[in-house]
1. Being out of contact with any Cys (no Cβ under 9 Å at 6 or more places or on another chain) and either farther than 30 Å from Ser4 by Cβ or not in a helix (DSSP H, G or I) (or both): is that true of Ala278 here?
2. If Asp137 satisfies every condition in (1) farther than 26 Å from Val82 by Cα; (2) open to solvent by 20 Å² or more (accessible area, probe 1.4 Å); (3) part of a loop (DSSP other than H, G, I, E, B) but one, which is the exception?
3. Here is a check on your reading of the model: is Asn353 farther than 27 Å from Leu29 by Cα, touching a residue at least 12 places away in the same chain (Cβ under 8 Å), open to solvent by less than 50 Å² (accessible area, probe 1.4 Å) and of a type in the set (S, T, N, Q)?
4. Hey, among the residues in the range 90-109 that are closer than 14 Å to Leu145 by Cβ and not polar (S, T, N, Q), which one's surrounded by the most Cβ atoms within 10 Å (Cβ to Cβ)?
5. Quick one: is Tyr163 open to solvent by 40 Å² or more (accessible area, probe 1.4 Å), over 23 Å from Gly242 (Cα atoms) and over 23 Å from the mean Cα position of the chain (by Cα)?
6. Tell me, please, whether a residue that is more than 28 Å from Phe376 (Cα to Cα) and without any contact (Cβ under 8 Å) to a residue 60 or more places away in the chain can be found in the range 210-229.
7. Any idea which of (1) open to solvent by less than 20 Å² (accessible area, probe 1.4 Å); (2) on the phi < 0 side of the Ramachandran plot; (3) not β-branched (Val, Ile, Thr) is the one Pro75 doesn't satisfy?
8. If a residue must be without any contact (Cβ under 8 Å) to a residue 60 or more places away in the chain and not aliphatic (A, V, I, L, M), how many such residues does the range 305-319 contain?
Amino acid sequence: MSESAWQTTNHFLTEGFSALGLDQRYRALLTTPMRELRVEIPVMRDNGSVDIFVGFRVQHDNARGPCKGGLRFHPEVDIEEVRSLASLMTWKTALIGVPFGGAKGGIQVDPKMLSRAELERMTRRFVDLIGDFIGPDVDIPAPDLNTNDQVMGWIFDQYSRRYGFNPAVVTGKPVALHGSKGRAAATGRGCMLAVRDVLAASGRDLTGTRFVIQGFGNVGSWLARELHVSGARVIAVSDVHGGVFSSDGLDIPALSAYVQEHGSVQGFHGTQAISNEALMRLECDVLVPAALGHVIDKKTASEIQARFVLEAANGPCTIEGDAVLRQRSIVCIPDIWANAGGVTVSYFEWTQNRQAISWDETEINSRLEAHMHTAFEAITETAQFRKLSLRTAAFVVAIERVKQATDLRGYG
């Protein structure tokens, strides 16, 4: 039986606990979610029938501040996946230095099977069911897999109808509806900043570095654009339908326009078709899993031909996959740092909403870069001092910060 996402997260967390020598009391306290919600969401379909969808919200830890995390729509969402992602948010927010705890939500639905009106009704009903448990000082949702700024706009509006106008209840909103400039690109940009720092520490830079990106959704596509502008060479990308490859490098602006028109990277002119499986085995400098979790298992890890793995997705490595990467001395840039750009700019959006101000994109990007680099320095200092992998070092830094807040608040 394959491991669950929850088991994987707790394995990596336990490595951090062991490095710190934490006793069982803290291990239990820092692992167990604070609150779990499951709701049944009745939705009237456009044809007059009613379907019931299952929704989850897990609030993992609030020692450092309100819970924070995305909301995803996917048919395979389950409680263990949401628990795992909520836990990762606790450590991600602590590591990146924003005053939040961790949460995550999901609805078991294939959004492609619902009309826009049906998606709106489902989203609004979900807010009605969990509204007493979210809020700017309690739990602040954000976009995730298959959700976007429009969905966040519906959440903001539905919450405001019942609890009063408060745009800080959710982040990732449209800029025209109290969202933040730079939020859409933030996760991809943060990934670029992370790999740039890691490459620089090994005496390299982005110029000419070959990247392969599995996943060309919001994160993967923005990362590709940021890499292209920085002089890197993206030689292959893929989506759920398959991938495209060019040893000379892809024209990312043209590819992005092609995807906007055709809905997939497949068939992009001047490229060779490639499967998602074959894409993971391409020779490159940096492999980027930017789609779903657990795509790098023991077998895949043994076949990777890259010097670095950049975890743009949440939890892309299994326990055995991560072990193989370490055995092969492939540097893995961990998700709780690499993809923290999204929650960092979400914090900026929340801050702007609370103060009724607006920052320009230059300031947003500058602040994001500072947070990413400060986290990098903390990770590398810990990794070198304790002789740990970047992943374990990242968890150690995060655990120490959450434990300190837990002790100071008297939770222990």
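The values are calculated or read from the model by the stated rules, or taken from the named source; none is laboratory data. All values reported here derive from a predicted model rather than from experimental measurement. So basically every Cβ, Gly included, is an ideal-geometry build from the backbone, and we count neighbours across all protein chains shown. Areas reflect the complete protein model, heavy atoms only, side chains present, ligands, DNA and RNA absent. Shrake-Rupley method; radii C 1.70, N 1.55, O 1.52, S 1.80 Å.
1. Numbers: out of contact with any Cys (no Cβ under 9 Å at 6 or more places or on another chain): yes; either farther than 30 Å from Ser4 by Cβ or not in a helix (DSSP H, G or I) (or both): no.
So Ala278 does not fit the description; no.
2. (1)
3. Details: farther than 27 Å from Leu29 by Cα: yes; touching a residue at least 12 places away in the same chain (Cβ under 8 Å): yes; open to solvent by less than 50 Å² (accessible area, probe 1.4 Å): yes; of a type in the set (S, T, N, Q): yes.
When the stated conditions are applied, Asn353 passes them.
4. Lys104
5. Values: open to solvent by 40 Å² or more (accessible area, probe 1.4 Å): yes; over 23 Å from Gly242 (Cα atoms): yes; over 23 Å from the mean Cα position of the chain (by Cα): yes.
Yes, satisfied.
6. First, pick out the residues of the range 210-229 that are more than 28 Å from Phe376 (Cα to Cα): none.
Within the range 210-229 (the criterion being more than 28 Å from Phe376 (Cα to Cα) and without any contact (Cβ under 8 Å) to a residue 60 or more places away in the chain), the answer is no, since none of the residues qualifies.
7. So the condition that Pro75 fails would be (1).
8. So in the range 305-319, the residues without any contact (Cβ under 8 Å) to a residue 60 or more places away in the chain come out as 305, 307, 309, 311, 316.
In the following step, the residues that additionally are not aliphatic (A, V, I, L, M) were identified as 305, 307, 311, 316.
Matching residues across the range 305-319 total 4.
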